[in-house]
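Beneath this line is the structure, given in structure tokens, with notes to follow.
Bear in mind that the values in this text are calculations on the coordinates, not laboratory data. Note that the structure is predicted; figures quoted are calculated from it, not measured. Neighbour counts are summed over all protein chains in view; Cβ atoms, including those assigned to glycine, are modelled from backbone coordinates with ideal geometry.
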Amino acid sequence: MNLKNKKVLVTGGSAGIGKALIAELISKGVHDFAVMGRSKEKLEDLSSEFKNANFILVQGDVAQLSDIVKLVETVEKKWGSVDVLINNAGVISTGELGRISDEDIVNQININLTGLILLTKKALPLLRKSEEAGIMNISSGLGYIAKPFYSVYAATKAGVRHFSEAMRRELIFDNIHVMTVFPTATDTPMMITSKIENMDSAEWVAQKSIEGLINKEINVILGGEQRLKDIDTNFNHPLEMDEKAKELYESYREKTEHHRAM
Ligand SMILES: NC(=O)c1ccc[n+]([C@@H]2O[C@H](COP(=O)([O-])OP(=O)(O)OC[C@H]3O[C@@H](n4cnc5c(N)ncnc54)[C@H](OP(=O)(O)O)[C@@H]3O)[C@@H](O)[C@H]2O)c1
């Protein structure tokens, strides 16, 4: 895909991986971005940080249907079409299932999955107007391999993986490439309350994701060869992964105990 002068709609572009994706896209010739996030201040910082880009900034929550409609209507009025939709906004709340609040359970599902599906639905007519369109959905390594204490988050990210796969096939006769990115732990504001070390940088994740978009890859799976082997083991020999979970149980518990970015 040639990204030059494409119009890109990205949710959660005001921090972390989303913001790094914007920087990477600018380096590939993109000038026009529509960004949705809940914090107005964080959104407004984008204009001063990336002076060579044009922004449509829409304050809103991807879990609110009315905000999604507002976003799509604004973009339609200003652009008339969308070339690339990046469904990146996401939240996390981990720990033993019984200790995750009911509110955090519902909100993780609504933000990470329901909102992503609804925005895709509402943005499709605009993507269909593009000569060459793409949808990039940000899942997670946990969307392939679920770990203890990440039950709800992992469920939303597996949902993203499956939704992406179905849409890729549903849109097979449209000129819309659908791809999914599976980052491992990445050093962003989302990870401040986790106790995970040696994370990938958001810039590196963005670089690999955009490389994948340009090359029309369907899955960008980060985490190296070992991750690919683990995915294979998890599919073909799940009990082996259960044994690994048993060995690392306390370490997982400790790392996830206070991990919350909602
Ligand atoms: N960091 C990791 O280790 C990692 C690993 C695998 C996958 N991922 C996935 O990568 C994506 C980006 O994560 P990140 O680490 O960059 O997170 P982050 O640093 O917390 O940034 C999240 C971005 O999404 C926005 N956002 C959150 N909830 C939103 C909502 N309801 N509506 C609209 N915007 C919302 C945030 O802005 P506001 O708060 O202002 O709304 C922010 O711009 C997420 O889908 C995450 O699940 C992250």
### Message
Please compute the length gained on full extension between Asn2 and Leu65, using 0.36 nm multiplied by the number of residues separating them and subtracting their Cα-Cα distance.
### Response
19.5 nm
#### Entry: Evaluated at q = 0.25 Å⁻¹: base-10 log I(q)/I(0), Debye formula over Cα of the stretch 29-104
-1.28
### Task
Take peptides 37-46, 158-167 and line them up by average Cβ neighbours within 10 Å, highest first, as a rough protection proxy.
158-167, 37-46
### Task
Once you have the Cα-Cα distance between Ser101 and Asp174, take 0.36 nm times their residue separation minus that, and quote the gain in nm to one decimal.
22.2 nm
### Query
What FRET efficiency comes out for the pair His162/Glu197, r = Cβ-Cβ distance, R0 = 25 Å, nearest 0.05?
0.25
#### Entry: Per-residue HN-Hα couplings for the stretch 57-67 [Karplus 6.51, -1.76, 1.60; θ = phi - 60°; Hz; x = Gly/Pro]
9, 10, 6, x, 10, 5, 7, 9, 4, 5, 6
### Task
May I ask for the net charge around Gly60, where only other residues with Cβ less than 13 Å from the Cβ of Gly60 are counted and Lys, Arg are +1 while Asp, Glu are -1?
+2
### Message
No solvent, one uniform scatterer per C-alpha: report log10 I(q)/I(0) for the stretch 1-141 via the Debye equation at q = 0.09, 0.11, 0.17 1/Å, two decimals.
### Response
-0.26, -0.39, -0.89
### Calculated [θ] (222 nm, deg cm²/dmol) that DSSP helices of n ≥ 4 give over the chain, each run adding -39,500 (n - 2.57)
-14500 deg cm²/dmol
#### Entry: Under-5 Å amide H pairs with Gly60, H placed in peptide plane, nonlocal only
Gly37, Arg38
